[in-house]
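Structure record follows, encoded as structure tokens.
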Amino acid sequence: MIPVERHQQILALVADRGVVSIAELTERLGVSHMTIRRDVQKLEEQGAVLSVSGGVRSADRLAAEPSHLTKSALYNEEKRAIGRTAARQIPRNSCIYLDAGTTTLALAREVVDRDDLLVVTNDFMVANLLMEASQCRVIHTGGTVCRENRSCVGESAARSLRHLAIDIAFISASCWGPRGLFTPDEDKVTVKQAVSEVSSKRVLLSDSSKYNRIATFLALPLESFDRVVTDTHLSESARELLSAGSCELVLAG
């Protein structure tokens with residue numbers, strides 16, 4: 001049986017059962033544990049499945065972006081640790097981009113005492129915090145307003161970014177994995193791609209609960225990032241897989 005056929009059978013079993021053990025896959029497909037683990041790793045790199053202890057399960061699919069209110073109640077300790085770690089990576093007199101999201105808002109809280117930064121953002125909560133509590137210069141992208149996420153999206157927001165030169169872009173994600181950053185909202189894709197194009201360095205900020213979840217649109221491949229900052233709850237298998245890639249993995253907390 002060729003690899004493509006094995007992959008199809010693995011995906012069919014996982015779709016039917018949710019979770020399948022490595023032992024069962026080796027017995028059903030008549031191959032070694034090593035072969036199955038290579039197959040699972042390949043499927044995991046594609047974002048199709050997720051490795052668990054002794055087996056494999058289907059990757060979670062995100063159907064819609066959670067609201068700002070929903071996200072603000074989740075994983076706050078991890079987000080604060082990610083924000084503190086990311087803030088230490090910002091040189092003086094930098095122009096940075098803070099993407100829409102509660103993790104980038106945690107980063108914004110870590111730079112309110114700085115007076116040397118120019119901060120570009122599409123997030124109203126980030127802009128309001130920095131206007132009220134910091135001496136940072138602030139540029140808001142404008143664009144089509146997304147009420148649920150308190151931000152601006154779409155081509156008009158992307159167009160404003162394309163006129164800038166940004167030192168570091170801190171980009172958020174509702175779901176990400178070995179293939180990259182996914183979103184169920186097509187209007188967010190053009191914004192993330194635009195800021196990636198005009199930034200000297202790109203950093204993905206996301207807690208580990210969003211790892212190996214997928215959505216309809218691939219916004220940016222993981223190879224487009226220079227660094228990923230996530231929390232220490234990321235699984236060992238995920239750490240090994242990501243550390244073998246081209247971007248630096250930083251665990252906060």
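Report yes if some residue within segment 157-172 is modelled with pLDDT of 95 or more, open to solvent by less than 30 Å² (accessible area, probe 1.4 Å) and out of contact with any strand residue (DSSP E or B) (no Cβ under 8 Å at 6 or more places or on another chain); otherwise report no.
Scanning segment 157-172 turns up at least one residue that is modelled with pLDDT of 95 or more, open to solvent by less than 30 Å² (accessible area, probe 1.4 Å) and out of contact with any strand residue (DSSP E or B) (no Cβ under 8 Å at 6 or more places or on another chain).
Rundown of residues vs (1) within 26 Å of Cys152 (Cα to Cα); (2) open to solvent by 40 Å² or more (accessible area, probe 1.4 Å); (3) among the hydroxyl-bearing types (Ser, Thr, Tyr); (4) at pLDDT 90 or above, yes/no style:
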residue	(1), (2), (3), (4)
Val14	no, no, no, no
Val20	no, no, no, no
Val40	no, no, no, no
Leu43	no, no, no, no
Gly47	no, no, no, no
Ser53	no, yes, yes, no
Ala59	no, no, no, no
Leu69	yes, yes, no, no
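Give the residues of segment 195-253 that are in a loop (DSSP other than H, G, I, E, B) and within 25 Å of Leu74 (Cα to Cα), sorted by residue number. Outline the logic, then answer.
Here is the first cut: in segment 195-253, the residues in a loop (DSSP other than H, G, I, E, B) are 206-207, 212, 215-216, 225-226, 232-235, 244-247, 253.
If the condition is that a residue be in a loop (DSSP other than H, G, I, E, B) and within 25 Å of Leu74 (Cα to Cα), then Ser206, Asp207, Asn212, Ala215, Thr216, Phe225, Thr232, His233, Leu234, Ser235, Gly253 are the ones that fit.
Within segment 140-191, the set of residues being farther than 24 Å from Ala238 by Cβ and of a type in the set (Lys, Arg) comprises Arg147, Arg150, Arg159, Arg162. Go over the candidates Ala12, Ala64, Ala73 one by one and state the one that is in a loop (DSSP other than H, G, I, E, B) and free of Cβ contacts under 8 Å to residues at least 24 places away in the same chain. Step by step, each of Ala12, Ala64, Ala73 is checked, and only Ala73 is in a loop (DSSP other than H, G, I, E, B) and free of Cβ contacts under 8 Å to residues at least 24 places away in the same chain.
Mind listing whichever residues of segment 210-253 are closer than 26 Å to Gly54 by Cβ, loosely packed, with under 15 Cβ neighbours inside 10 Å and not charged (D, E, K, R)? Across segment 210-253, the qualifying residues are Thr232, His233, Ser243, Ala244, Gly245.
The values are calculated or read from the model by the stated rules, or taken from the named source; none is laboratory data. These numbers come from a predicted model, not from an experiment. Cβ atoms come from the backbone with ideal geometry, glycine included; neighbour counts cover every protein chain shown. Calculation scope for accessible area: heavy atoms of the full protein, side chains included, ligands and nucleic acids excluded. Shrake-Rupley method; radii C 1.70, N 1.55, O 1.52, S 1.80 Å.
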